[in-house]
Amino acid sequence: MYAVAGSEFVPTKLNRITIALEPELYEALQAYSSRSRRSMSNQISVIIEQALIATGDLKVPIARVEKRGGKRPNAGRKPSNTELTENDDLSSSEKREADE
């Protein structure tokens, strides 16, 4: 399954559906999603999950994996040398004076 991001296809393991909404429903959902600080897609997923739990069709809430904020391998700056030199505990102005 692929999701469209711009002009590229991005692989995803989540199933996708397409729905048609009346303009009033769309606007209300957009406002609700914004207040909840969720994407509309995520908000719809939460609403459906809550409805299925309420009707008994879903017994346990779905365990979601947090996708944001995770550390990617080899991301960020490379670690610097952790050995302290004699000037490491000095302020920048003190370092300049020590170098002169």
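Quick one: is GLU94 surrounded by 10 or more Cβ atoms within 10 Å (Cβ to Cβ) and at pLDDT below 90?
Details: surrounded by 10 or more Cβ atoms within 10 Å (Cβ to Cβ): yes; at pLDDT below 90: yes.
Here the answer is yes, as GLU94 does meet what is asked.
For the stretch 42-71, the candidate set comprises residues that are open to solvent by 80 Å² or more (accessible area, probe 1.4 Å) and small (Gly, Ala, Ser); within that set, the residue that is modelled with the highest pLDDT is ALA54.
The values are calculated or read from the model by the stated rules, or taken from the named source; none is laboratory data. Note that the structure is a prediction, hence the values are computed from the model and not measured. With ideal geometry, Cβ positions are generated from the backbone for all residues, glycine too; neighbour counts draw on all protein chains shown. Note: areas computed on protein heavy atoms with side chains; ligands, DNA, RNA excluded. Shrake-Rupley method; radii C 1.70, N 1.55, O 1.52, S 1.80 Å.
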